[in-house]
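The next block holds one structure in the form of structure tokens; read it before the comments.
No lab work stands behind these numbers, since they all come straight from the coordinates. It should be emphasised that the depicted structure is a prediction, and the values quoted were computed from it without experimental measurement. All Cβ positions, glycine included, derive from the backbone under ideal geometry; neighbour counts span all protein chains shown.
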Amino acid sequence: MSIEQLQWAFLILFGLLFFLIAPYSKTVDQFFAAESEKGKKPGVWILTASLVISWIFAKSITNAANLGLEFGMVGALAYAVYYLSFLVGGYIIYQLRVHGKYGSIHQFLQTRFGRSAVLVFSLLFGLRLFNEVWSNTMVIGSYFGEPGESAYILSIIAVTALTLAYTLKGGLRSSLLTDAIQLVFFGMMLLIILSLILPDKSVTSSDMLTSGSWTMATGLNLMLAALLQCLSYPFHDPVLTDRGFIASPSITLKSFIYAAVIGAVCIILFSFVGIYAAEKGLSGQAPVEVAKLLGTAGMLAMNFIMITSAASTLDSTFSSFSKLLVIDLGQEKLKTVKRGRLMMVLIVVLGTIPIFFNPEILSATTVSGTMVMGLAPVFILWKMKAPAISFQLSVWFGILVGLSLAFGLFPKALVFTTGRYSTLLWANIWGLIICFILYLLPTLPNNGTQKAN
């Protein structure tokens, strides 16, 4: 059996196995809140596993490897900084639940800033979910063929359809259960890949650990940008926010802390794939090129990792989109499991369209992360009483900064470092400063704007 045939066999068996394993959810609490048939909420380790594997998605580990290829260990650590989002998000969500007595992010926004804030936030939420579909399935397609080829398209359709099938069956409950299995499988495949790379005497561990240069142009631009984005990034990510309200506050906080550490370690370890590629003089997509170099075992292990990580993110995306439209924005009488399943089908159709335009997968992280910078003051300063206009000013300015970055319109005169990601960094620096000013301005005395009660 050829490598291609083995890849297809694993993809199909993977989907069928998870469909059989996935529980069938009958109630709204089971489908949208992952409660068991006896009403039990998720425990600390299954929640941790779900958080970790849902963030170690195909797009993420591909970006980590490519940054390792481009910037060495500096690039690896730069991307790992994003996992501080778990600490920021976990702490704020804990505060919202314990001290604010809020049951969801949407309830907080509705109570403090009104319906318009909920709708704007949901727009950002939806954009994030939309990006997650195409950016992860494109990675899978690259292991089966070149963009536009029939094998490329068919593999994307297959992994999406198979993941949709088991998620339709159980909703978030299916997602959490399969996530735990997927994390174990990911760990096994990662160990196999590292066991093939590290013994290579032509590339020492010391070379890989000391690779890269600590300059702004060679990775520090991205590292600092990621650090700034952690102030807002977790709050538009449904994996974090949805899972932040389904277990007790104490279990949730523990899970977020554990996930930050485990996730960062995993992403750094996988970045060794890219660092190894650089030491071997390879170019292109680091995971693909290294997999080819490692032979059949390496190619299969890499392919299996990508399928596993993509599916874990896709099932979370389907569940979160469904919850957004049915529970968070839906009318009480329309909050049904049937409607939830219909919304999952909708996001699959919408999220698959961009693959035909071959966008850059890293843009799904950096651009969307910039567009939501306006959420930083909303959540970091959540205890401060602020009027609805504060939310609107901060969030919409952040969106404008993100759009200026996406279309290459951010003023070059405001960029004071050089190299790749320099514009990204300074867009986030200036954007965050102004977002906080705009948020606080209406709260100042004698400014002509009525304060929130």
Open item on the list: At 30 angstrom or more along the helix axis (alpha-carbon based) and mean Kyte-Doolittle of 0.0 or higher, what helices does the chain contain? Whole DSSP H runs only.
Closed with: 115-142, 150-170, 172-197, 249-279, 286-323
- [ ] List the relative contact order of the range 81-161 as a percent without decimals, with contacts defined as Cα pairs under 8 Å and 6+ residues apart.
- [x] 14
- [ ] Sort Arg420, Arg128 so that the residue with the fewest other Cβ atoms within 10 Å of its own Cβ comes first and the one with the most comes last.
- [x] Arg420, Arg128
- [ ] Determine, from the Cβ-Cβ distance of Trp45 and Ala413 and an R0 of 45 Å, the FRET efficiency 1/(1 + (r/R0)^6), rounded to the nearest 0.05.
- [x] 0.35
- [ ] For Glu332 and Glu37, calculate 0.36 nm times their separation in residues minus their Cα-Cα distance, and state this gained length in nm to one decimal.
- [x] 104.0 nm
- [ ] Describe numerically, in nm with one decimal, the distance between label points set 7 Å from Cα along Cα→Cβ at Leu403 and at Glu149.
- [x] 3.9
Open item on the list: Once you place label points 7 Å from the Cα toward the Cβ at Ser205 and Leu444, how far apart are they in nm?
Closed with: 5.6
Task: Spin-label pair Lys26/Leu350, simplified geometry with 7 Å Cα→Cβ offset, distance in nm - done: 3.2
Task: Within-11-Å neighbourhood charge of Phe18 [Cβ basis; K, R +1; D, E -1] - done: -1
Open item on the list: Taking the beta-carbon count within 10 Å as an exposure proxy, list Ile53, Ile21 from fewest neighbours to most.
Closed with: Ile21, Ile53
- [ ] Kindly put Lys280, Lys333, Lys338 in sequence by how many other C-beta atoms sit within 10 Å of each C-beta, fewest to most.
- [x] Lys333, Lys338, Lys280
